[in-house]
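Q: I'd like to ask you about the structure that follows.
The values are calculated or read from the model by the stated rules, or taken from the named source; none is laboratory data. Since the model is a prediction, treat every value here as computed from it, not as a measurement. So basically every Cβ, Gly included, is an ideal-geometry build from the backbone, and we count neighbours across all protein chains shown. Accessible surface areas use protein heavy atoms only, side chains included; no ligands, DNA or RNA. Shrake-Rupley method; radii C 1.70, N 1.55, O 1.52, S 1.80 Å.
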Amino acid sequence: MEEKYYPQEIEEKQQARWAAAASFKSTIDPTKKKFYCLEMLPYPSGRIHMGHVRNYSIGDALSCFKRMSGYNVIHPMGWDAFGMPAENAAIKIGARPDEWTFENIASMRGQLQRLGFGYDWDREIATCTPEYYRWNQWFFIQMWKKGLLYRKNAVVNWCVKCNTSLANEQAEGGFCWRHEDTPVEHRELEQWFIRVTSYADELLDSLADLEGRWPERVIAMQRNWIGRSRGAEIDFTVDGEPERRIRVFTTRVDTIYGASSIILAPEHQLIEEWIRQGAVSQEIVDFNTQQKALDIEERQAEGREKVGHFTGHYAINPFNGERLPVWTANFVLTGYGTGAIMAVPAHDERDFEFSVKYGLPVTRVIVSDGLSGDNDEAVSEPFTPKDDNCHLIASGEWTGMSVPAAQSAMISRAEERGFGKAKVNFRIRDWGVSRQRAWGSPLPFIHCVKCGIVPVPEESLPVVLPPDLNYRTQGAPLAEHPSFVNVPCPDCGAPARRDTDTMDTFVDSSWYYFRYCDPQNDSLPFDPQVASYWMPVDQYIGGIEHAVLHLIYTRVWAKIMRDLGLITFSEPVTRLLTQGMVCLASYRCEEHDWLFPDDVTNGNCRFCQRPVAVGRIEKMSKSKKNTVDPDEMIKIYGADTVRLFMLFAAPPEKDLEWSEAGAEGSSRFLNRVWRIVYKWHDQFEGAIEGECSPAARALRRKTHQTIRRVTNDIAERMNFNTAVAGMMELTNEVYAFDGTLKNGATPVDRFVIREALEALARLLCPFTPHLAEALWANLGHDQIVLTSDWPDFDEALAREEELEIPIQLNGKLVARIVAPAEISDNDLIGMALANEKVIARLEGKQIIKTIVVPKRLVNLVAK
RNA sequence: GCGAAAGUGGCGAAAUUGGUAGACGCACCAGACUUAGGAUCUGGCGCCUGACCGGCGUGGGGGUUCGAGUCCCCCCUUUCGCACCA
């Protein structure tokens, strides 16, 4: 054994041993319980960053622990390999996207291997290979046949930087998800859509099953995103044109007697029609033109003023025959509900604001129970509770009914009379999956003038992306590739055109982890039998940023696969952990923007000498110039230290601040472990279990307690940070015991030390696998420790013999006494009462009550 | 504005069921070893009080309890998500 710890040497050597032994290869074994541990696959940008290191350190620690605990673990890795950066490289430097991508994959795979993560590389996939995207195409054809995929002309979100359309999830808040400073535009395009809305109810309802297993935050975000609201659609006829109806959506049909106007979105088709017919004033025409010209950002600007105009038309309230003015206004959204609302100013904040501004009447129709309520007094603010402690007033025959009762009764009436019906609306939309990019999965469809849209026959899949595309063109590279575009129609043989869009890359990541189960299959995306062994994923680990992107799409995809008969379950991910970000302080100069730490001297900008705002601690990012390169840290400290720090510095779901001093602390600990193992590794001859000295017994106890604690911290809570703290304590105890052996160690002492060090080596496996492996070998073992058993502990040896028991007087600590662990309550009280401090403090007082919590404390209540 | 989470030493954090607040680590201080140490080992380290004794202490205020970081109510702050969704 080397006297000093040389991490780089050890790491290379142990990685070679694992590779030679195929330590992380997984195969189906029906006799063993499986555990599928999955981390979100990276985009092959070229370099891994600290966020990846953290993500994968967590996953690897758990995988290793589960493997050692007897599970048949599958722990795969792959590449989300389609996407914009490769295409940009093609445009900027003339690279071939496939070559560029595979080079990046090779270098990142090397980085992951140097970190020693235990992946089964035989299962590796890259989503840009025809062997993979072929199955995207296959899925699309199955969905098309089932009506789950369709094509329509639609107004879509368009990012000018990506130069493509985006799904709603990718344009949240009006900005592109990849370019947070770029507002999306509206464009009208013919697009492919996946019918996500037909799963909306199920997506929402089964979130309840994920509670306790998925982070509350993610569940809340998905609930909000799906956004189900139950209400009714009610038809108002246009006054004077009884055949023409305006359908509104409302969740508060009970307030309909308080409606004082009907408001249409500027894009509403009736407005368009009236404009065509010249049935509205020039004012309305101008307003309409102006509103439609605004982009999403402008329309959503904070505090935007509500603006509207009276159209000159009226509509009839079907419940009471009242004649209501029809307006058009900017705050009514075209994409939600019917694009038309009934405004009830007394019971809706937006309607109130609008109606007050334009002098529309405000009529109360709901009041709290116990109040009579009338409309003699002006309404000063809207009253919006929806609970059943309110009832209706001034509402004809419905007056006096509770809100929920009125809602169902009024919907029934509308249904009877044919002017309305119950209706559930969702915020979530169908998933727009067309992308006007070339580096993506081609769509397996052919457009024929005679036959329409014809799917490519399954036996001719995959539709391969041509390797010789010209990316440096104004137009679409795929459309400019004649032999790709011009194909005969599979049905009639006439000349036809291939679809030249590609799929959203979120399609690739929606099902990639199913492919890991059966990565070579060339007749199906995966064998259902094989998937039924490994799936669902037991633990998924990744960033929160995918809460309503990937994590919704992948739930949808599983339900689609279930309906295609490929799987029998509906939720693909049993447990989800969203790890915190890796952060570092950032620096910003008002003139030179973000600065590297090296460009800040004495708090001033190196370029302009202006004082630098010592920025907030922010997520590491290139644009903020606060990144730390994992490779450099590995060179300095070794992979084990970097991994240990990632797990020790904070609990996994919390943000973590990278700290060089903290990394040094982790390194110091590993060196400390190494040194004590070095000191003892050849001292175990004649070691024998036997009667221990008190100090030796204490160390044994600590060893067994530590095994118990580390096991529990990982298995029950995934609190790797406290597990590490436990191992540090054990190490400290070994040093303390070592310090007591000035006069030499007995054979029993040697046994106890070996037991502690072997336990430590095995407990370290999930955290610092290379070091653990090297220690294990140096302790005289031939087999690979990472694939050996997790240590057991002996409850009897872990049990404390004596306990320090705090004595409280009226809940305040007055003394601590040391008592045998198994002492009776009465004896413990006796010891407490005999304590000097207790006697002094009790003087002149009477004990009223005594509380004993066995093994924890004694509380004397006295007056 | 709505929703969610969080607030504990100089710092990162522990405290698993209401039961010794601050484990473990960083930084700092002292001692030992040493030619030297930014190595290593040992000790100290919430605040006030010179030490003891004692008092205070988990964002602030109230409450429940023998006992509250933990449970309940009100308030403040921060972070995150949503943001005209009728």
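Q: If you take the residues in the range A:449-488 that are part of a loop (DSSP other than H, G, I, E, B) and β-branched (Val, Ile, Thr), which one is most open to solvent (accessible area, probe 1.4 Å)?
A: Per the criteria, the residue is A:Val449.
Q: Do we have any residue at all in the range A:806-815 that's of a type in the set (A, V, I, L, M), in contact (Cβ under 8 Å) with a residue 40 or more places away in the chain, within 11 Å of RNA strand B (Cβ to nearest atom) and surrounded by 16 or more Cβ atoms within 10 Å (Cβ to Cβ)?
A: Yes: the range A:806-815 contains one or more residues that are of a type in the set (A, V, I, L, M), in contact (Cβ under 8 Å) with a residue 40 or more places away in the chain, within 11 Å of RNA strand B (Cβ to nearest atom) and surrounded by 16 or more Cβ atoms within 10 Å (Cβ to Cβ).
Q: Same structure, new question: Across the range A:332-364, which residue is modelled with the highest pLDDT among those that are open to solvent by 50 Å² or more (accessible area, probe 1.4 Å) and of a type in the set (Phe, Trp, Tyr)?
A: A:Tyr358
Q: Okay, next question. Any residue at all in the range A:765-787 that is under 30 Å from A:Asn55 (Cα atoms), within 14 Å of RNA strand B (Cβ to nearest atom), open to solvent by less than 60 Å² (accessible area, probe 1.4 Å) and within 45 Å of the chain's Cα centre (by Cα)?
A: yes
Q: Suppose the filter is crowded, with 21+ Cβ neighbours inside 10 Å and at pLDDT below 95; does A:Ala61 pass it?
A: no
Q: While we're looking at this one, here's another question. Could you tell me which of the residues A:Trp214, A:Trp225, A:Trp274 is within 10 Å of RNA strand B (Cβ to nearest atom) and at negative phi?
A: When all the criteria are applied, what remains is A:Trp225.
Q: So, in the range A:644-663, exactly how many residues are within 6 Å of RNA strand B (Cβ to nearest atom) and over 27 Å from A:Gln539 (Cα atoms)?
A: Summing the residues that are within 6 Å of RNA strand B (Cβ to nearest atom) and over 27 Å from A:Gln539 (Cα atoms) in the range A:644-663 gives 2.
Q: Further question on the same structure: Could you list, in sequence order, the residues of the range A:385-399 that are open to solvent by less than 50 Å² (accessible area, probe 1.4 Å) and either within 14 Å of A:Gly370 (Cα to Cα) or in a loop (DSSP other than H, G, I, E, B) (or both)?
A: Scanning the range A:385-399 gives A:Pro385, A:Cys390, A:His391, A:Leu392, A:Ile393, A:Ser395.
Q: Cβ-Cβ distance below 8 Å, separation of 6 or more or different chains: which pairs start in the range A:118-138 with a residue that is among the basic types (Lys, Arg) and end on one that is open to solvent by 10 Å² or more (accessible area, probe 1.4 Å)?
A: The qualifying pairs are A:Arg123/A:Pro519; A:Arg134/A:Leu461; A:Arg134/A:Pro462.
Q: On to the next question. Please verify whether the range A:612-624 includes one or more residues that are of a type in the set (A, V, I, L, M) and within 24 Å of the chain's Cα centre (by Cα).
A: Yes.
Q: Sticking with this one: Got a sec? Which of A:Ile256, A:Ile284 is β-branched (Val, Ile, Thr) and under 30 Å from A:Phe426 (Cβ atoms)?
A: Residue meeting the stated conditions: A:Ile256.
Q: Right, here's the next one. Does A:His49 fit the bill of being closer than 13 Å to A:Leu112 by Cβ and free of Cβ contacts under 8 Å to residues at least 60 places away in the same chain?
A: Answer is no for this residue.
Q: Looking at the range A:406-432, which of the residues that are of a type in the set (Lys, Arg) and under 21 Å from A:Gly227 (Cβ atoms) is farthest from RNA strand B (Cβ to nearest atom)?
A: From the range A:406-432, those of a type in the set (Lys, Arg) are A:413, A:417, A:421, A:423, A:427, A:429; that's our starting set.
When the remaining residues are screened for being under 21 Å from A:Gly227 (Cβ atoms), the result is A:421, A:423, A:427, A:429.
Working: A:Lys421: 14, A:Lys423: 10, A:Arg427: 4, A:Arg429: 9 Å.
Looking at the filtered set, the residue picked out is A:Lys421.
Q: Are any residues in the range A:725-750 more than 10 Å from RNA strand B (Cβ to nearest atom) and open to solvent by less than 40 Å² (accessible area, probe 1.4 Å), and if so, which ones? If you could, list the steps in order and put the result at the bottom.
A: Here is the first cut: in the range A:725-750, the ones more than 10 Å from RNA strand B (Cβ to nearest atom) are A:740-750.
Those that are more than 10 Å from RNA strand B (Cβ to nearest atom) and open to solvent by less than 40 Å² (accessible area, probe 1.4 Å): A:Leu741, A:Ala745, A:Val748, A:Asp749.
Q: Looking at the range A:162-174, which of its residues are over 22 Å from A:Arg195 (Cα atoms) and open to solvent by 60 Å² or more (accessible area, probe 1.4 Å)?
A: A:Asn163
Q: Can you go through A:Pro183, A:Pro130, A:Pro97 and tell me which one is within 25 Å of A:Pro444 (Cβ to Cβ), surrounded by 14 or more Cβ atoms within 10 Å (Cβ to Cβ) and out of contact with any Pro (no Cβ under 6 Å at 6 or more places or on another chain)?
A: A:Pro97 is the lone residue from the list that is within 25 Å of A:Pro444 (Cβ to Cβ), surrounded by 14 or more Cβ atoms within 10 Å (Cβ to Cβ) and out of contact with any Pro (no Cβ under 6 Å at 6 or more places or on another chain).
Q: Return the only residue of A:Val710, A:Val724, A:Val734 being in contact with a Lys or Arg (Cβ under 9 Å, 6 or more places away or on another chain), in contact (Cβ under 8 Å) with a residue 40 or more places away in the chain and on the phi < 0 side of the Ramachandran plot. Spell out the reasoning first.
A: Details: A:Val710 fails: in contact with a Lys or Arg (Cβ under 9 Å, 6 or more places away or on another chain); A:Val724 fails: in contact with a Lys or Arg (Cβ under 9 Å, 6 or more places away or on another chain).
Result: A:Val734 is the single residue among A:Val710, A:Val724, A:Val734 that is in contact with a Lys or Arg (Cβ under 9 Å, 6 or more places away or on another chain), in contact (Cβ under 8 Å) with a residue 40 or more places away in the chain and on the phi < 0 side of the Ramachandran plot.
Okay, residues lined up against (1) among the basic types (Lys, Arg); (2) out of contact with any helix residue (DSSP H, G or I) (no Cβ under 9 Å at 6 or more places or on another chain):
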{"site": "A:Arg123", "(1), (2)": "yes, no"}
{"site": "A:Leu148", "(1), (2)": "no, no"}
{"site": "A:Gln170", "(1), (2)": "no, no"}
{"site": "A:Gly174", "(1), (2)": "no, no"}
{"site": "A:Arg178", "(1), (2)": "yes, no"}
{"site": "A:Glu188", "(1), (2)": "no, yes"}
{"site": "A:Trp192", "(1), (2)": "no, no"}
{"site": "A:Arg195", "(1), (2)": "yes, no"}
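Q: Residues of the range A:714-724 being surrounded by 15 or more Cβ atoms within 10 Å (Cβ to Cβ) and near RNA strand B (Cβ under 9 Å from one of its atoms), which ones?
A: Listed by number, the residues that qualify are A:Asn719, A:Asn721, A:Thr722, A:Val724.
Q: What is the number of the single condition among (1) assigned to a strand (DSSP E or B); (2) within 13 Å of RNA strand B (Cβ to nearest atom) that A:Gly312 does not meet?
A: (2)
Q: Does A:Arg555 qualify as being part of a strand (DSSP E or B) and within 23 Å of A:Asn224 (Cβ to Cβ)?
A: No, not satisfied.
Q: Let me ask another. Report yes if some residue within the range A:373-382 is surrounded by 21 or more Cβ atoms within 10 Å (Cβ to Cβ), farther than 30 Å from A:His481 by Cα and either modelled with pLDDT under 90 or within 16 Å of RNA strand B (Cβ to nearest atom) (or both); otherwise report no.
A: The answer is no, given that none of the residues of the range A:373-382 is surrounded by 21 or more Cβ atoms within 10 Å (Cβ to Cβ), farther than 30 Å from A:His481 by Cα and either modelled with pLDDT under 90 or within 16 Å of RNA strand B (Cβ to nearest atom) (or both).
Q: Name, by its number, the condition in (1) within 14 Å of RNA strand B (Cβ to nearest atom); (2) within 21 Å of A:Glu591 (Cα to Cα) that does not hold for A:Lys619.
A: A:Lys619 satisfies all of (1) within 14 Å of RNA strand B (Cβ to nearest atom); (2) within 21 Å of A:Glu591 (Cα to Cα) except (2).
Q: Just need a number here: residues in the range A:843-857 that are closer than 15 Å to A:Gly811 by Cα and within 11 Å of RNA strand B (Cβ to nearest atom).
A: Going through the range A:843-857 one residue at a time, the tally reaches 8.
Q: Restricted to the range A:237-263, and to residues that are under 37 Å from the mean Cα position of the chain (by Cα) and in a strand (DSSP E or B), which residue is nearest to RNA strand B (Cβ to nearest atom)?
A: My answer is A:Thr250.
Q: Please tell me if A:Arg701 is more than 7 Å from RNA strand B (Cβ to nearest atom), more than 30 Å from A:Tyr540 (Cβ to Cβ) and either at pLDDT below 95 or not hydrophobic (A, V, I, L, M, F, W, C) (or both).
A: In short, yes.
Q: If we keep just the residues of the range A:189-227 that are in contact with a strand residue (DSSP E or B) (Cβ under 6 Å, 6 or more places away or on another chain) and not in a strand (DSSP E or B), which is modelled with the highest pLDDT?
A: The residue in question is A:Val196.
Q: Of all residues in the range A:409-448 being in a loop (DSSP other than H, G, I, E, B) and over 24 Å from A:Val155 (Cα atoms), which is least open to solvent (accessible area, probe 1.4 Å)?
A: Filtering the range A:409-448 down to residues in a loop (DSSP other than H, G, I, E, B) leaves A:418-419, A:426-430, A:433, A:436-441, A:443-444.
Okay, now just the ones that are also over 24 Å from A:Val155 (Cα atoms), so A:418-419.
Numbers: A:Gly418: 49, A:Phe419: 27 Å².
Result: A:Phe419.
Q: Do any strands (runs of 3 or more DSSP E) entirely within the range A:564-653 hold 1 or more residues that are closer than 24 Å to A:Asp713 by Cβ, and if so, which?
A: Details: elements: A:573-578, A:582-589, A:593-595, A:613-619.
Ranges flagged: A:573-578, A:582-589.
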